[in-house]
Amino acid sequence: MQVIESGNVAAALGVKLARAQVVAAYPITPQTPLTEKLSELIESGQMEAEYVPVESEHSALAVCIAATSAGARSFTATSANGLLYMHEQIQWAAGARLPLVMCVVNRGVGAPWTVWNDHQDSISQRDTGWIQLYANDHQQIIDTTLKAFALAEEVMVPVMVCYDGYLLSHTYMPFDVPDAGLVDRFLPPYRPAYSLDPKRPANLNTVTLPDVRPDIRGNMTHGYMEIRHLLHEDMLEAIPALARVDEKFKASFGRGGNPYLEGYRCEDAEYVAVSLGSLSYHLRDVVDALRNEGVKVGVMSVHLYRPFPAQIVAEALKGFKGLVVFEKALSYGYQGTLTSDLKSALYASTWNAGRRPFVINYILGLGGREITSPDLYHALKQSCTPDGPDGNETRWIGLKFFG
Amino acid sequence: MQVKTNILSLPEEELVYPGNRACAGCALGIAYRIGLKALGPDTIIVVPPSCLTVLQGLYPVAATRIPSLNVTFASTAAAATGVLAALKAQGKKGVNVVGWAGDGGTADIGLQSLSGACERGDDFLYVCYDNEAYMNTGVQRSGTTPKGAITANTPYKGKLQQKKDVSAIIAAHGIEYVGTTSAAYPLDLYDKFRKALTFGGVKYIHIHIPCPPGWGFAPQYAVKVGKLAVETGLFELSEIEHGRLRHTGASRKLMEKRKLLPVREYFRSQSRFNAITDEEIEAIQQNVTKRWECYFESLDDIEGEE
Amino acid sequence: MKKKNEGDYCKRISFSEAGPGDAGRTGSWRVLRPVMDPQTCTPAKRNAPSCYICWLYCPDGVISRTVPPKIDYQYCKGCGICAQECPTKAIVMVEESSFIKE
């Protein structure tokens with residue numbers, strides 16, 4: 001069914017189709033219309049779920065962690081400082097191996113306060129052991145939300161579905177809402193391997209010693225480090241698992257095929273712009289303009305950021321002359337994290353290659369600073385040269401200093 | 001009216017295994033054993049960092065025979081809400097959901113989520129076991145540490161601030177049942193647990209828990225010290241049912257007898273009060289006496305009604 | 001798609017099952033051992049279930065509610081609450097070292 005709706009509503013409809021059973025909701029701009037829509041769907045009986053209006057984001061994820069541990073499919077959503085407030089719980093959910101799905105409506109972090117879009121919130125959670133998927137438009141928001149539940153429950157790792165605040169959350173686009181019956185076949189009910197049950201009592205996530213120790217049957221069993229190692233292993237396993245989920249989705253709904261990367265005019269490109277989220281689509285216009293001038297440039301969007309599909313990314317990008325990475329976040333004191341991750345992947349795969357692409361990093365759009373096509377055009381025009389960058393420093397676009 | 005329990009009518013089955021890591025003489029051990037008997041095996045318990053976490057066992061051995069969920073420090077009540085929501089969503093009935101936290105996890109870091117749960121009216125039992133400090137991390141002061149108590153971070157002058165009246169704060173949310181009890185009075189504790197489960201929304205029980213190493217007395221006196229707290233009138237066994245306060249058990253008897261033991265006996269039984277002067281004890285005694293005089297007078301009104 | 005069974009999943013998380021002795025043989029903590037005198041213990045004397053205050057107050061639940069009550073010395077930590085609270089003083093705390101066989 002084709003609708004014209006906002007990105008937040010696209011996410012809400014995805015959660016409804018996924019038949020989430022417990023929804024924890026705390027309001028924060030620009031996520032609020034998402035949870036408001038869910039409350040409308042639940043109160044009107046269109047969606048059967050427990051709607052829990054919590055008193056903080058930390059509690060929102062606490063509710064989801066506990067609900068999933070007790071056997072229910074759970075969901076929450078947040079942005080910026082709400083995500084930061086949840087950080088302790090984000091780490092907890094990953095270590096507890098719970099298949100939670102959370103939408104992060106990307107917004108900049110305080111201090112100082114901002115409500116506008118950038119990626120600093122989700123990027124700050126990069127290393128927590130959550131799977132991170134970035135959507136570029138409304139269709140991808142609803143599709144990725146559905147795939148997220150399937151993937152999470154397959155590998156037992158929580159998934160963050162990230163999409164740009166305001167740019168996607170509050171704009172209206174046409175998209176297809178998948179058929180509920182087909183979704184039920186794609187995503188069966190949540191059947192956990194274990195959930196809290198008096199008939200099968202167990203104590204979850206108690207203090208775990210540094211070293212291994214015998215269980216009640218006298219068998220030696222894992223320690224903390226093994227449990228964390230298995231999280232890492234299963235995250236790596238999520239890379240091929242995502243491809244399988246994507247394939248199954250494509251067979252059911254006719255959309256997909258680019259689970260990790262989505263390229264535009266990269267086939268014959270010499271230089272490729274790389275980014276996360278809706279900026280990649282904005283860059284397509286700029287790419288077209290540059291192509292008209294004979295600059296052989298393309299743009300590649302990264303959908304799966306964690307686990308980082310390093311081999312796939314390196315294979316896809318190592319043959320280009322140069323990569324220009326546009327990021328709406330950075331690791332302060334160093335550079336954009338996507339830039340670092342790219343360079344790291346390329347390092348391994350171009351060790352004996354004799355040549356490797358140059359990588360330039362642009363930081364832009366922080367706190368919602370407007371990203372203009374002329375700015376992008378100039379940055380790409382300057383960067384896409386055979387000799388590569390002049391200096392290796394991270395560059396900023398759109399700064400306005402006075403005096 | 002609920003039939004009062006006696007020792008022989010308590011369930012015999014133990015839902016906690018021995019050989020756990022609680023200190024010798026830990027009054028939480030008493031409260032937890034008896035509390036679980038009241039709850040029964042069809043219970044899911046949520047536990048934040050606390051002595052109870054450790055009593056419940058280190059991976060992969062659990063001392064507790066009911067399903068338990070360890071959660072982050074601030075989130076006990078929110079997690080209990082989550083368990084409840086999941087059970088409801090799956091149509092599972094007949095399971096008691098309990099959040100069981102220490103005084104730090106309730107009155108300090110956990111207060112926000114508990115307040116939220118009370119306001120939402122989520123149907124679970126919240127138990128605060130109050131050993132009056134962050135005992136698990138080595139006896140640091142908490143919101144419920146009494147004034148004058150020496151702790152690891154109030155080492156010479158003793159705590160300068162008053163003990164937080166948590167049960168009053170929770171009662172102000174208008175929940176249906178708030179009970180205060182003590183590990184020294186396990187039958188009163190058992191009855192309150194059983195009674196609390198008959199109410200809706202969040203039920204709150206506050207348990208006074210003497211702690212031998214933290215309070216500074218020999219382990220064999222754990223029950224004696226607990227009884228002194230009540231018999232001096234410093235700690236009250238009570239319940240607030242739909243907003244109406246009444247005292248129970250030994251505290252009720254004090255109202256009838258109109259006689260309290262001197263608070264001095266309580267303060268001088270524990271080395272944590274070594275910094276309290278006789279003058280300060282006298283001031284506390286006056287406050288306690290005044291408060292209980294109001295209770296003695298109100299007994300006439302209550303007995304008039306009954 | 002691969003389906004993980006309970007055993008597979010529980011290996012990946014901190015999953016503890018119930019059993020005694022998480023802290024080992026806590027009887028080894030004892031400095032003093034509670035010894036019960038059947039002549040003075042009420043249920044033992046009466047040969048009928050009664051009193052059981054020691055059972056009620058034991059923090060570790062190592063006293064059985066039987067006739068007579070039995071103390072599990074494998075796990076008894078020797079706290080002395082039972083001796084302190086026994087109304088007939090039937091329980092006496094004795095030096096643990098006197099029970100160690102040479």
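Scanning the range A:222-246 for residues that are under 12 Å from residue A:95 (Cβ atoms) and of a type in the set (Gly, Ala, Ser) returns no hits. The residues on offer are B:58, B:52, B:8, and the sole one that is of a type outside the set (Phe, Trp, Tyr), out of contact with any Ser or Thr (no Cβ under 7 Å at 6 or more places or on another chain) and facing chain C (nearest Cβ under 9 Å) is B:8.
Kindly indicate whether any position in the range B:33-56 is within 29 Å of residue A:63 (Cβ to Cβ), in contact with a strand residue (DSSP E or B) (Cβ under 6 Å, 6 or more places away or on another chain), free of Cβ contacts under 8 Å to residues at least 24 places away in the same chain and not in a helix (DSSP H, G or I). Looking through the range B:33-56, none of the residues is within 29 Å of residue A:63 (Cβ to Cβ), in contact with a strand residue (DSSP E or B) (Cβ under 6 Å, 6 or more places away or on another chain), free of Cβ contacts under 8 Å to residues at least 24 places away in the same chain and not in a helix (DSSP H, G or I).
Taking every residue in the range A:205-218 that is within 20 Å of residue B:71 (Cβ to Cβ) and at the interface with chain C (Cβ under 8 Å from one of its Cβ atoms) and pairing it with any residue that is modelled with pLDDT of 95 or more and open to solvent by 40 Å² or more (accessible area, probe 1.4 Å), at least 6 positions away or on another chain, the pairs with Cβ-Cβ distances below 7 Å are A:208/A:224. Could you check, for the range A:321-332, whether at least one of its residues is among the acidic types (Asp, Glu) and surrounded by fewer than 21 Cβ atoms within 10 Å (Cβ to Cβ)? No: zero hits. The residue list B:80, B:117, B:27 contains one member that is modelled with pLDDT of 95 or more and within 22 Å of residue C:78 (Cα to Cα), which is B:27. Here residue A:345 fits the description: in contact with a helix residue (DSSP H, G or I) (Cβ under 8 Å, 6 or more places away or on another chain), free of Cβ contacts under 8 Å to residues at least 40 places away in the same chain and crowded, with 18+ Cβ neighbours inside 10 Å.
For the residues B:226, B:249, B:214, the requirement of being touching a residue at least 24 places away in the same chain (Cβ under 8 Å) and open to solvent by 20 Å² or more (accessible area, probe 1.4 Å) singles out B:249. Test residue C:25 against the criterion of being among the basic types (Lys, Arg) and closer than 30 Å to residue A:200 by Cβ, and give yes or no. So residue C:25 fits the description; yes.
All of B:174, B:158, B:179 fail the test of being on the phi > 0 side of the Ramachandran plot, touching a residue at least 40 places away in the same chain (Cβ under 8 Å) and surrounded by 18 or more Cβ atoms within 10 Å (Cβ to Cβ), apart from B:158. Filtering the range A:348-363 to residues that are open to solvent by less than 70 Å² (accessible area, probe 1.4 Å) and free of Cβ contacts under 8 Å to residues at least 40 places away in the same chain leaves A:349, A:350, A:353, A:358, A:359, A:360, A:361, A:362, A:363.
Table: residues versus (1) surrounded by 15 or more Cβ atoms within 10 Å (Cβ to Cβ); (2) within 30 Å of residue A:142 (Cβ to Cβ).
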site	(1), (2)
A:168	yes, yes
A:172	no, yes
A:176	yes, yes
A:184	no, yes
A:195	yes, yes
A:204	yes, no
A:210	no, no
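Suppose the filter is in contact with a Lys or Arg (Cβ under 8 Å, 6 or more places away or on another chain), assigned by TED's automatic domain parsing to the domain that holds residue A:111 and assigned to a helix (DSSP H, G or I); does residue A:83 pass it?
Considered against the rule, which asks whether it is in contact with a Lys or Arg (Cβ under 8 Å, 6 or more places away or on another chain), assigned by TED's automatic domain parsing to the domain that holds residue A:111 and assigned to a helix (DSSP H, G or I), residue A:83 comes out as no.
Tell me which residues, restricted to the range B:209-231, are aliphatic (A, V, I, L, M) and assigned to a helix (DSSP H, G or I).
B:222, B:223, B:225, B:228, B:229, B:230
Quick check: is even one residue across the range A:46-54 in contact (Cβ under 8 Å) with a residue 40 or more places away in the chain and either under 26 Å from residue A:243 (Cα atoms) or out of contact with any strand residue (DSSP E or B) (no Cβ under 9 Å at 6 or more places or on another chain) (or both)? The answer is no; no qualifying residue exists. All conditions in (1) on the phi > 0 side of the Ramachandran plot; (2) out of contact with any Phe, Trp or Tyr (no Cβ under 9 Å at 6 or more places or on another chain) hold for residue B:29, with the sole exception of (1). Right, residue A:12: within 14 Å of another protein chain (Cβ to nearest Cβ) and either open to solvent by less than 70 Å² (accessible area, probe 1.4 Å) or outside any loop (DSSP other than H, G, I, E, B) (or both) or not? Criteria not met by residue A:12.
Note on the range B:64-99: residues that are within 7 Å of chain A (Cβ to nearest Cβ), crowded, with 24+ Cβ neighbours inside 10 Å and of a type in the set (Val, Ile, Thr) total 5. If residue A:223 passes every condition in (1) in contact (Cβ under 8 Å) with a residue 12 or more places away in the chain; (2) over 21 Å from residue B:57 (Cβ atoms) but one, which one does it miss? Result: residue A:223 passes all but (2). Applying the set (1) within 7 Å of another protein chain (Cβ to nearest Cβ); (2) touching a residue at least 60 places away in the same chain (Cβ under 8 Å); (3) in contact with a helix residue (DSSP H, G or I) (Cβ under 6 Å, 6 or more places away or on another chain) to residue B:26 leaves exactly one unmet item: (3).
Just to be sure before I move on: is residue C:41 touching a residue at least 24 places away in the same chain (Cβ under 8 Å) and under 17 Å from residue B:31 (Cα atoms) in the structure I sent? No, not satisfied. Could you look through the range A:28-67, keep only residues that are within 14 Å of chain B (Cβ to nearest Cβ) and assigned to a loop (DSSP other than H, G, I, E, B), and pick out the one that is most open to solvent (accessible area, probe 1.4 Å)? Across the range A:28-67, the extreme among qualifying residues is A:48.
The values are calculated or read from the model by the stated rules, or taken from the named source; none is laboratory data. The structure displayed is predicted, hence computed values, not measured ones. We place every Cβ from the backbone using ideal geometry, glycine too, and count neighbours over all the protein chains shown. Just the protein is used for accessible areas: all its heavy atoms, side chains included, with ligands, DNA and RNA removed. Shrake-Rupley method; radii C 1.70, N 1.55, O 1.52, S 1.80 Å.
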